[in-house]
Amino acid sequence: MSEAPWIRQLAGEVRIHDSLTELAGEAAAWIVSTANAATRQHGTFSIALSGGHTPSPVLEKVAAEPLRSSLGWPSWRVYFADERAVRPDDPESNYSLVRQTLLDRVPIPENAIHRMEGERPDLDAAAAEYSALLAATLPLLNGGAPRLDCILLGLGENGHTASLFPGTEALDVADSWATRGRADYAPYDRITLTFPAINAAASVAFLVAGASKRAALRGVVDGTVPAARVRPSDAALIWFLDRDAASEEPAAG
Ligand code: 6PG
């Protein structure tokens, strides 16, 4: 299986791993160094987490030894990149997933965990309040954007990231840091960070595994899918890929 010739055209740094296990180990080590550098610089480390399957082995590694005891957990501030419109204890909830893989295993103070309230009947209000919370609790850039130290993103087969889905209004929201999203699979209703919030972060990492993501990666290179709009203005952008995702599509026929 050969590497797709265009894969290195992804904006930012591209790291390709032989397996999901190796990807998880490398991404976890990167989170540790990013977290510890932020904590040394300004005393805290803010991270926004996504749902989906790919982050789980990464978060489990961060929460287990030997990495667990190398982190200053009281300095962590946890946010979310997106959430589904379900209760926080629903198996489809991103918060529930992150709770099981990370939050229940490490001593992050409860008041430093900021979940998106996907269970609320008025998702517009919940998103507006989350936008205000980001601005009230994070350092602000000159233009007023709240600056997360780190965002972990996934990539959907249709090129969505967070809950920024193709053809939806959320893609063009420029006056809020969080907004309502609409997925093309259940649970349909979402809350998501907006592109201005994502692009204000100090570092953004995509975690992408599996052959089913090849077309979406090509769409990112070609600028035809939502994830192509992740272009942090002054930040590290890193793609953690596995070899299946980064390989050439087999010739048709
Ligand atoms: C969600 C996500 C979403 C996810 C991608 C990739 O709530 O579903 O945040 O953007 O990251 O769909 O998901 P996988 O990692 O499962 O491929």
Theoretical ellipticity at 222 nm over the chain - DSSP helices of four or more residues, -39500 (n - 2.57) apiece, nearest 500 | -8000 deg cm²/dmol
For region 95-101, Karplus-derived ³J(HN,Hα) couplings (6.51, -1.76, 1.60; θ = phi - 60°; whole Hz; x for glycine and proline) come out as 4, 4, 5, 5, 4, 5, 8
In the chain, which helices (entire DSSP H runs) extend 15 Å or more along their own long axis, judged by Cα positions, while averaging at least 0.5 on the Kyte-Doolittle scale?
-> 123-137
Given the candidates L140, T179, I198, the one whose Cα lies deepest towards the positive end of the charge dipole of region 120-204, counting +1 at each Lys or Arg C-beta and -1 at each Asp or Glu C-beta, is L140
When the chain is treated as a Gaussian network with springs between alpha carbons less than 10 Å apart, the largest mean-square fluctuation among R40, R147, R87 is found at R40
On full extension of the chain, what length is gained from R105 through E92, given 0.36 nm per residue of separation minus the C-alpha to C-alpha distance?
-> 2.7 nm
For region 86-189, the charge dipole (Cβ of Lys, Arg +1; Cβ of Asp, Glu -1; about the Cα centre) points to a positive end, and the Cα of S131, Y95, I108 closest to that extreme belongs to I108
Once you have a ≥ b ≥ c as the square roots of the Cα gyration tensor eigenvalues for region 144-249, tell me rounded if a/c is under 1.5, and otherwise prolate or oblate according to whether a/b is larger than b/c.
-> oblate
Could you tell me whether region 1-158 comes out rounded, prolate or oblate from its Cα gyration tensor? Rule is a ≥ b ≥ c as square roots of the eigenvalues, rounded for a/c under 1.5, then prolate if a/b exceeds b/c, otherwise oblate.
-> rounded
Might you report the magnitude of the Cβ-based charge dipole of the chain about its Cα centre, with Lys and Arg at +1 and Asp and Glu at -1, to the nearest 20 debye?
-> 500
Under 5 Å from the placed amide H of A81, counting only residues 5+ away or on other chains, we find L49, S50
Pairwise label distance in nanometres, A37 with L140, each label 7 Å out on the Cα-Cβ vector = 2.7
Taking 7 Å along the Cα-to-C-beta vector as the label spot, tell me the A132-E3 distance in nanometres, rounded to one decimal.
-> 4.8
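Read the figures in this text as sums done on the coordinates, not as results from a lab. Every value quoted in this text rests on a predicted model; they were computed, and no experiment measured them. Glycine also receives a Cβ, built like all others from the backbone with ideal geometry; neighbour counts cover every protein chain displayed.
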